[in-house]
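Take a look at the structure below.
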């Protein structure tokens, strides 16, 4: 398959409300988890990573009243990405613009508000917009309406690999000629008591309540789970020849995409990483590369004991015992679920641009069972030509993206 160009990116994350702020914070290794998030109430694990200083009404105008927070975050990131690409929705051919947004779960805010009114038999005050606001396609729909994007649009849901899957699907649409510009990525706003409680009951959240900033610690010997986080990452993709014709800077190339399903367990990864191996090898083949061409792996790296150990062992097998330098942004950002793959793809683009691998925050002692070269404490500079970005999700969904330096 032909590589497609990344010509713009937008980030709204706990590390900052734009790409530049996010990159600075991630490179500084400054964790963003808060001790008690008011939105989570009195659940057992009230830790979360929230986007700072995000005023949706100021950024997006009066229309924000009809949207839930995940749509706010996605729309803000979309505006950034389009501006970064030098595109003007007032003049583009909207019928040739596609939108693909990965979302892990439906929005909880409006649906739970309606549920409370239902149980109180307060039927007349249930909003008629409850369904449009909470369905997983709401973010994609709002982006299309705001930007006049009339090409193919959809929500992609593959749990925590949704954002990466969305980028792969958008790339396929471009290569197939279904659109000329694709705005793709992921979003999640999961900081709701039910989401926190559910993950807590599964035993996947860190319970490091005495040290919130140190709670998310991928690959560390003392890791005990992830921290719930919100965020959005959207990238503008175009065919390389179209980007050249527009004479705009190309930030990187999305050169390869591989996807697979473990078909093993609804939550636990395959113990030998068989599905990850298939997805990784498919992405390499799609990009026309070998493992030796990959200079860095942006790992899924959730900070859960099993997932990190299996990902580490799988990378050792894939690279025949010598994986390139690895990092996980989740030590800083927490786990943004369906948005994670897109945010991490954007960070991989910035790694290629700045020739620097951000550190993995809170990694004090590498788990002795994880034999990887994990970047920690400070960014590692160097010439990197290709990055692999891993994303895995409940249900056994795996997505691997290969990004190359422009």
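Sorted from fewest to most neighbouring beta carbons within 10 Å, what does the list 92, 65 look like?
65, 92
For residue 385 and residue 320, compute 0.36 nm times the residue count separating them, minus their Cα-Cα distance, and round to one decimal in nm.
In short, 21.4 nm is gained.
Using a 10 Å cut-off on Cβ atoms, rank the peptides 364-371, 2-9 from the highest mean neighbour count down.
Final packing ranking: 2-9, 364-371.
Classify the chain as rounded, prolate or oblate from the Cα gyration tensor: take a ≥ b ≥ c as the square roots of its eigenvalues, call it rounded if a/c is under 1.5, otherwise prolate when a/b beats b/c and oblate if not.
Note, shape of the chain comes out oblate.
What FRET efficiency would be calculated for the residue pair residue 293, residue 116, taking the C-beta separation as r and a Förster radius of 45 Å, to the nearest 0.05?
It comes to 0.25.
Extending each Cα 7 Å along its Cβ direction at residue 62 and residue 201, get the distance between those two points in nm, one decimal.
4.3
Pull out the extension gain between residue 126 and residue 222, defined as 0.36 nm times the separation in residues minus the alpha carbon to alpha carbon distance; nm, one decimal.
Full-extension gain reported as 30.0 nm.
Order the peptides 147-153, 286-292, 205-211, 14-20 from the highest to the lowest mean number of other Cβ atoms within 10 Å of their residues.
14-20, 147-153, 205-211, 286-292
For a footprinting-style exposure proxy, rank 355, 405, 69 by other Cβ within 10 Å, fewest first.
355, 405, 69
Where a ≥ b ≥ c are the square roots of the eigenvalues of the C-alpha gyration tensor, would you call the stretch 257-405 rounded, which needs a/c under 1.5, or, failing that, prolate if a/b is larger than b/c, or oblate?
Because its axes are fairly even, with a/c under 1.5, the stretch 257-405 counts as rounded.
In Å, what Kirkwood hydrodynamic radius results for the stretch 169-269 from the alpha-carbon pair distances?
One decimal place: 17.4 Å for the Kirkwood radius.
With 10 angstrom as the radius, rank 106, 63, 230 by how many other C-beta atoms surround their C-beta, starting from the fewest.
Going from sparsest to densest Cβ surroundings: 63, 106, 230.
Which whole-angstrom value gives the distance between the alpha carbon centres of the stretch 234-271 and the stretch 145-201?
Going from one Cα centre to the other spans 12 Å.
If you take the square roots of the eigenvalues of the alpha-carbon gyration tensor of the stretch 122-196 and sort them as a ≥ b ≥ c, do you get rounded (a/c under 1.5), prolate (a/b over b/c) or oblate?
Note, shape of the stretch 122-196 comes out oblate.
If I take every Cα pair under 8 Å that is 6 or more residues apart in the chain, average their sequence separation and divide by the length, what percent do I get for the relative contact order?
It rounds to 24 percent for the chain.
Read-outs: derived from the displayed coordinates by stated rules, not from any lab. For clarity, every value in this text was computed on a predicted model and none was experimentally measured. When we count neighbours, we look across all protein chains shown, and the Cβ atoms used for this are built from the backbone with ideal geometry, even at glycine.
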